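Bear in mind that the values in this text are calculations on the coordinates, not laboratory data. What you see is a predicted model; the values in this text were computed from it and never measured. Positions of Cβ are backbone-derived with ideal geometry, glycine not excepted, and every protein chain shown enters the neighbour counts.
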Amino acid sequence: MKDKENPTILNKGSLMTFKDGETECHLGYLIDFGDKGIFEPTLGRVAVMKSEADEHNRLLSKGEVEGLDTCPIGIGRDFFLSKDKKAVTTWKGDVVSTEVRVKGKVITFYRGKKTFSGRLRKNTDSIYFQRVD
């Protein structure tokens, strides 16, 4: 993408996106570094206001949780295990599930009648959970 370093951000005030060629992609979580600006993990610094970043992060987190209710077997995404190992959360801290089972490095959580499983990995706080049932 030629404008990757300075993409045009679309849908400010909502779930923000940018164009990558013909494809419209949503931004990942936005991190506010105060005087240094707001950053997106793959794009770097983005020209958005803190209030816009906060709303984007809220909607992204909500969408990640709601998406689990309709995702097919084999699909997954990264989430986080709470320090007390009693909940799985989004990066923002929204609870995905409190029905959590830890067995060694394998973490399983249940959401409705769906089962998601992931494995603790070295050097990362996130766990990739995949729907298994």
Using the alpha-carbon atoms, what tilt in degrees (0 to 90, nearest 10) does helix 50-67 show relative to the longest principal axis of the chain? 30 degrees
What length, rounded to one decimal in nm, is gained on full extension from T42 through to I75, with 0.36 nm per residue of separation minus their alpha-carbon distance? 9.7 nm
Stretchable slack from S126 to D94, in nm (0.36 nm times residue separation minus alpha-carbon distance): 10.1 nm
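First check a/c for the range 9-67, with a ≥ b ≥ c the square roots of the eigenvalues of its C-alpha gyration tensor; if it is under 1.5, answer rounded, and if not, answer prolate when a/b is larger than b/c or oblate otherwise.
The shape class here is oblate.
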Candidates T42, T90, T17, ranked by Gaussian network fluctuation over the chain, Cα under 10 Å, top entry: T42
As I understand it, the dipole of the chain uses +1 on the Cβ of Lys and Arg and -1 on the Cβ of Asp and Glu, about the Cα centre. Which of M49, G37, V65 lies farthest toward its positive end? V65
If I model a spin label at S82 and L10 as a point 7 Å from the Cα along the Cα→Cβ vector, what separation in nanometres do I get? 3.8 nm
Taking the alpha-carbon distance from K86 and a cut-off under 29 Å, which lysines remain once sequence neighbours fewer than 8 residues away in the same chain are dropped? K62, K103, K105, K113, K114, K122
Classify the range 64-133 as rounded, prolate or oblate from the Cα gyration tensor: take a ≥ b ≥ c as the square roots of its eigenvalues, call it rounded if a/c is under 1.5, otherwise prolate when a/b beats b/c and oblate if not. rounded
Between K50 and K103, with labels modelled 7 Å along Cα→Cβ, what's the label distance in nm to one decimal, could you check? 4.6 nm
Kirkwood-Stokes translational diffusion coefficient of the chain, alpha-carbon pairs, 4 °C, 1.567 mPa s, µm²/s: 80 µm²/s
